[in-house]
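Worksheet: one structure, shown below.
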């Protein structure tokens, strides 16, 4: 609570609407699925949705559009490539996170020392 | 002989407890991702100007990181409520898709149970559950229900626990640690092992390129476009593979 009633009501309304949003999108099919049938081929297609959604979140975070255009290979992208390489060699998902973070810290420290 | 206690009838029996354990073990590696995301989301909520109590209420009720993070810039610019609701729904479209795929396994249950299971379902619960039972002919078995519970309950606890930690401790973590990047790595740790077949590779490539090209679209519609593009690419590749296979034999 901020003491500003109008702002508090606005935030509470946002929270209520987003909760409704969660309930409708997540539980909608669980509740009314029998009345909204989906064919087997559609279900099959839906198997690709999670990979696509996850990559859709990651790509804009890693490679955001820049004013000057083009893709910039910054420390985050290089660290992500190191993480992929580590998984390819070790099959460990934990190393993706730990190794990727370590790579980012090392790359940042190195770029701070070397004036490009 | 040890005294026997009466267990309530809904309590899982030995075989069902094994399903709970299997779900928990499968969810374990993804809990790192869930926890990191929760922590980072908690930090982001308070850094965007929400009070700690509002941020805590939001995390406990909305329980959807990407929708919460999407709403923050909109809240900061005092966007109209309908726009925030629309943006949250678009970001959550994937849950409709997941729910449609999961529903046949739980359709026999009472509506309050279905409401609860649906509300608590997560991306990871969908991915892991379909990997294990996607091809199963038997749908609606107790094992499936308890396996699902074994995933969604630890998910709920770790998400909310780490979100609250992020909300109340976040201000002590220096920005130079770049903890937001750990969330990205955690998501990558989920994606990479999924990409094993050629249709999945095509899905990943098309979704990735679409997501990159569609970045200027408002309301994270680029995310929805990436989902559509990735699914179409995956299905087309799968169909072509089947056709080639049939032609050869």
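FYI, it's all coordinate maths here, none of it is from the lab. Keep in mind the model is a prediction, meaning the values are calculated, not measured. All Cβ positions, glycine included, derive from the backbone under ideal geometry; neighbour counts span all protein chains shown.
Label separation (residue B:171 vs residue B:11): 4.5 nm, computed from points 7 Å beyond Cα along the C-beta direction. With a Förster radius of 45 Å applied to the C-beta separation of residue B:25 and residue A:5, the computed FRET efficiency comes to 0.40.
Largest GNM mean-square fluctuation across A:77, A:24, A:98, computed for chain A with C-alpha springs under 10 Å, falls on A:24.
What is the protein assembly as shown by shape, rounded, prolate or oblate, if you read a ≥ b ≥ c off the alpha carbon gyration tensor as root eigenvalues and call it rounded for a/c under 1.5, prolate for a/b larger than b/c, and oblate otherwise? Note, shape of the protein assembly as shown comes out rounded.
The label point for residue B:156 and the one for residue A:13, both projected 7 Å from the Cα toward the Cβ, are 3.0 nm apart. Report the percentage of all Cα-Cα pairs in region B:195-249 whose separation exceeds 12 Å, rounded to a whole percent. When all Cα pairs of region B:195-249 are counted, 64 percent exceed 12 Å. The ranking of B:196, B:113, A:108 from fewest to most other beta carbons within 10 Å of each one's beta carbon is B:196, B:113, A:108. Placing a label point 7 Å from the Cα of residue A:114 along the Cα-to-Cβ direction, the residues of region A:73-95 with a backbone N closer than 15 Å are A:73-76, A:78-79. For region B:104-249, what does the alpha-carbon gyration tensor say about shape, rounded, prolate or oblate, given a ≥ b ≥ c as the root eigenvalues, a/c under 1.5 as rounded, and a/b over b/c as prolate? Oblate is the answer for region B:104-249, as a/c is 1.5 or above yet b/c matches or exceeds a/b.
Counting beta carbons within 10 Å around each of B:70, B:239, B:61 and listing the fewest first gives the order B:239, B:61, B:70.
Comparing A:19, A:39, A:90 in a Gaussian network model of chain A where C-alpha atoms under 10 Å apart are linked, the largest mean-square fluctuation is found at A:19. Between helix A:5-32 and chain A there is an angle of about 80 degrees, using the helix long axis and the longest principal axis of the Cα atoms. Highest mobility in the GNM of chain B, judged by mean-square fluctuation with C-alpha springs under 10 Å and restricted to B:161, B:42, B:116, is found for B:116.
Taking the C-alpha atoms only, the angle from helix A:75-90 to the longest principal axis of chain A is near 90 degrees. Applying 0.36 nm per residue to the separation of residue B:243 and residue B:78 and subtracting their alpha-carbon distance, the gain on full extension is 54.1 nm. Orientation-averaged projection of chain B equals 18.8 nm² [convex hull of Cα atoms, one quarter of hull surface area].
In terms of its alpha-carbon gyration tensor, region A:49-116 comes out oblate; a/c meets the 1.5 threshold, while b/c is at least as large as a/b. Dividing the helix sum by the residues of the protein assembly as shown, where each DSSP H run of 4 or more adds -39500 (n - 2.57), gives a mean residue ellipticity at 222 nm of -25000 deg cm²/dmol.
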